[in-house]
Amino acid sequence: MILLSVGTQLPFDRLVGAVDRWAEARGRDDVVAQIGPTTYRPRALQAFAHADHDRFRELQAECALMVSHAGTGSIIAAMELGKPIIIMPRDHRRGEHRNGHQLATLREFGTRQGVYPAEDEATLVDLLDRADSLQGCPCLTPRAPADFVAHLAAHVRAPSPPTLVRRIRNLWQGSTISGQVGPWN
Amino acid sequence: MASWRTPFVADVAMAADRQADHDGGHGLDARPLRVLLVASAGGHWIELTRLVDAFAGCDCQFVSTACGMTPPLGTRPVIVVADTARDAKATILGAIRGLWGAFRRFDPDLVVSTGAAPGALALYVARLFGARTIWIDSIANSERLSLSGSLVRPVADLTVTQWPEVAARHPRLRYLGQIL
């Protein structure tokens, strides 16, 4: 099963349309697609707009190949699950996103093992045609590196005096608990 | 004024709860740190779940924008708030209302977000409630800080980027490594 996803916020019909036409031309009926808020009606895809988070994670675990926009969620999930993933970036110049960060994501992640960048529809179709030869790379544990976590934990646990707002609130709560009432009661 | 009176009733109830916690606990310091963790569904959420070990031992309440999520730490069900973005101004009020309710019920000591827009709003609400704040910019923002990240810098006690080049360009921006 091939799993296509475009994220929840915006449509990405250029990618959905390309995969749909490919699936129709090749007679593939095993392409499941999360297509977001769009008016596009796929002909060959088993499509839905959104899925519950945990259910979607199950689909990601079941599929043989992921195809997605260049969102870090899908890429990280693929790396955690060891699935090959084809990514096509949203192009903000075509109004597909608010800015060009997916092009930057493609540059940063496109060279990693198991990640197959498709800058345009032709490359995408080419990659889909040799789907069976694409290899995933189970190179990520589900937790961040220990030193990042340790640094963050140090900030979380750093002793800090209560903020001004907190001190005022504590004063107020103290007075209400002891039975006094505020001026507006 | 009725709408102003209710928060304080809730505050009293919350304070009474805490008093009960203290009585059954080990003195005033027994109460675990209350942490509100906010991330939109998708990549922001995955980045947050990869970091939860940093909050072990804390009382964690997660907030996101989609249904059907299992909290990666603790047992409090994930609170769902409306998703919003800078080009969808109508949904901002809905997101703020949802966040306000979450703050009223949970009253966190610390608010942490990995993005996006609802997380940024949460850090502003946190200031009004007197909570400390941490912003962790997504690994997707490899060339510049995200718009949300730039907007929360004035109210974030700690702003983290995952790219040393971005940290080098902004004073007070911290680089702690990457979540991968």
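The values are calculated or read from the model by the stated rules, or taken from the named source; none is laboratory data. Remember, predicted model here, so these are calculated numbers, not experimental data. So basically every Cβ, Gly included, is an ideal-geometry build from the backbone, and we count neighbours across all protein chains shown.
Laid out as a table, the results:
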| quantity | calculated |
| --- | --- |
| Of the criteria (1) surrounded by 14 or more Cβ atoms within 10 Å (Cβ to Cβ); (2) at pLDDT below 90; (3) not small (Gly, Ala, Ser), which one A:Pro159 fails | (1) |
| Members of the stretch A:90-111 found to be closer than 24 Å to A:Met79 by Cα, charged (D, E, K, R) and under 16 Å from the mean Cα position of the chain (by Cα), listed by number | A:Arg90, A:Glu108 |
| Failed item in (1) hydroxyl-bearing (Ser, Thr, Tyr); (2) facing chain A (nearest Cβ under 8 Å); (3) farther than 21 Å from B:Glu47 by Cα, with B:Ser142 passing the rest | (3) |
| Test set (1) at pLDDT 95 or above; (2) outside any helix (DSSP H, G or I); (3) farther than 26 Å from A:Ala51 by Cβ - B:His26 fails condition number | (1) |
| Within the stretch B:72-180, strands (runs of 3 or more DSSP E) holding 3 or more residues that are of a type in the set (Val, Ile, Thr) | B:110-115, B:132-136, B:158-161 |
| Residues (surrounded by fewer than 17 Cβ atoms within 10 Å (Cβ to Cβ), at the interface with chain B (Cβ under 9 Å from one of its Cβ atoms) and not in a loop (DSSP other than H, G, I, E, B)) located in the stretch A:109-150 | A:Ala146, A:Asp147, A:Ala150 |
| Members of the stretch A:121-163 found to be basic (Lys, Arg) and in contact with an Asp or Glu (Cβ under 9 Å, 6 or more places away or on another chain), listed by number | A:Arg143 |
| Pairs where the first residue, in the stretch A:122-138, is among the polar types (S, T, N, Q) and the second is surrounded by 14 or more Cβ atoms within 10 Å (Cβ to Cβ), C-beta under 7 Å, 6+ apart | A:Gln135/A:Pro84; A:Gln135/A:Gly114 |
| Members of the stretch A:116-150 found to be farther than 30 Å from A:Asp20 by Cα and of a type in the set (D, E, K, R), listed by number | A:Arg143, A:Asp147 |
| Some residue of the stretch B:97-104 being touching a residue at least 12 places away in the same chain (Cβ under 8 Å) and under 30 Å from A:Leu106 (Cβ atoms) | no |
| Leading residue by the ranking (nearest to B:Trp163 (Cα to Cα)) among those in the stretch B:103-139 that are within 12 Å of chain A (Cβ to nearest Cβ) and of a type in the set (Gly, Ala, Ser) | B:Ser138 |
| B:Thr65 being within 13 Å of another protein chain (Cβ to nearest Cβ) and touching a residue at least 40 places away in the same chain (Cβ under 8 Å) | yes |
| Top-ranked residue of the stretch A:151-161 - restricted to ones that are facing chain B (nearest Cβ under 7 Å) and of a type outside the set (A, V, I, L, M, F, W, C), ranked as farthest from the chain's Cα centre (by Cα) | A:Ser160 |
| In the stretch B:30-71, the residues that are in a loop (DSSP other than H, G, I, E, B), farther than 21 Å from B:Gly98 by Cα and at pLDDT 90 or above | B:Pro32, B:Leu33, B:Arg50, B:Leu51, B:Ala56, B:Gly57, B:Cys58 |
| A:Gly7, sole failed condition from (1) buried (at least 17 other Cβ atoms within 10 Å of the Cβ); (2) closer than 17 Å to A:Glu121 by Cα | (2) |
| Meets criteria (in contact with an Asp or Glu (Cβ under 7 Å, 6 or more places away or on another chain), within 18 Å of A:Leu124 (Cβ to Cβ) and of a type in the set (Lys, Arg)) for A:Arg90 | yes |
| Checking A:Met66 against (1) modelled with pLDDT of 95 or more; (2) over 13 Å from the mean Cα position of the chain (by Cα); (3) under 29 Å from B:Pro71 (Cβ atoms), the condition it does not meet | (2) |
